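Engineer: One structure, pasted below without further comment.
Derivation of every value follows stated rules applied to the coordinates shown; laboratory data play no part. Keep in mind that this is a model prediction, so the values were computed, not measured. For neighbour counting, all protein chains shown are included, and Cβ atoms are generated from backbone atoms with ideal geometry for every residue, glycine included.
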Amino acid sequence: MFGMNSAHEKINYVELPAKDLAAVKAFFRQTFGWSFIDYGDKYSAFSHAEAGLDGGFFQSEATATTRHGGALLVFYSADLEATQAKIKQFGGAIIKPVFAFPGGRRFHFSDPNGNEYAVWSAPAA
């Protein structure tokens, strides 16, 4: 019964490319505490319980960036600077430094495979 399922026609899953599955898994495990389930040697899934959305990484030489028209996955952080420090500590790169926008502040980063993400937080007090 579709009317009773709040997930009906909602975004449910995201898949991202990864040149090096081991590197991307280590980065997200260390930085954000994610765990993974491998499906063969070319796919690894993560859970909404830790990531906020179910998804996975597939073996590919491609990268997901806004410069190439890719969707931007945006994380929320209650402490923008602490999250930025963890990203750098565990092998991510800051590709757009912290900037203000009408809803708060954010920065963009890439994972070890070059995929682009953003992290936002409420305006500084």
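Engineer: Could you bin all the Cα-Cα distances of the chain into 5 Å bins starting at 0 and give me the percent of pairs in each, rounded to whole numbers?
Structural biologist: The calculated distribution, bin by bin, is 2, 10, 19, 22, 20, 14, 8, 4, 2, 0.
Engineer: Hey, got the dipole for the chain? About the Cα centre, +1 on K and R Cβ, -1 on D and E Cβ, debye to the nearest 20? If you can, show how the numbers build up before the last one.
Structural biologist: Working: 11 positive and 12 negative charges, 76 e Å.
In total the dipole reaches around 360 debye.
Engineer: Mind listing the long-range amide H neighbours of A64? Cut-off is under 5 Å, sequence gap 5 or more, other chains count too, H placed in the peptide plane at 1.01 Å from N.
Structural biologist: Residues meeting the criterion, in which the H sits 1.01 Å from N, are N115, E116.
Engineer: Within segment 34-119, report the trypsin sites (Lys or Arg not before Pro) that DSSP leaves as loop and that have at most 12 other Cβ atoms within 10 Å. List each step's numbers first, then the result.
Structural biologist: Values: sites: K42, R67, K86, K88, R105, R106; in loops: K42.
Qualifying residues, ordered by number: K42.
Engineer: Please list, ordered by chain and number, the residues whose modelled amide H lies under 5 Å from the amide H of I95; skip anything fewer than 5 residues away on the same chain.
Structural biologist: Residues meeting the amide H criterion: H108, F109, S110.
Engineer: Another question, if that's okay. Looking only at the chain, where both bridge partners belong to it, what percent of the DSSP beta bridges are antiparallel (to the nearest 5)? Write out the running numbers ahead of the final one.
Structural biologist: Details: 18 of 28 bridges.
Among the beta bridges of the chain, antiparallel pairing accounts for roughly 65 percent.
Engineer: Another question about this same structure. Counting only pairs 8 or more places apart or on different chains, how many lysine pairs in the chain have C-alpha atoms closer than 28 Å?
Structural biologist: Within the chain, the lysine pair count is 14.
Engineer: Return the loop-located GluC sites (Glu not before Pro) in segment 3-110 (DSSP other than H, G, I, E, B) with at most 11 other Cβ atoms within 10 Å of their own Cβ; answer none if there are none. Working shown, then result.
Structural biologist: Values: sites: E9, E15, E50, E61, E81; in loops: E9, E61.
For GluC sites (Glu not before Pro) across segment 3-110 that sit outside H, G, I, E and B with at most 11 neighbouring Cβ atoms in 10 Å, the list reads E9, E61.
Engineer: To continue, here is another question. Per DSSP H run of n ≥ 4, the term is -39500 (n - 2.57); total these for the chain, divide by its residue number, and report the mean residue ellipticity at 222 nm rounded to 500 deg cm²/dmol.
Structural biologist: Numbers: 3 runs with 26 residues, N = 125.
Taken over the chain, the calculation gives -6000 deg cm²/dmol.
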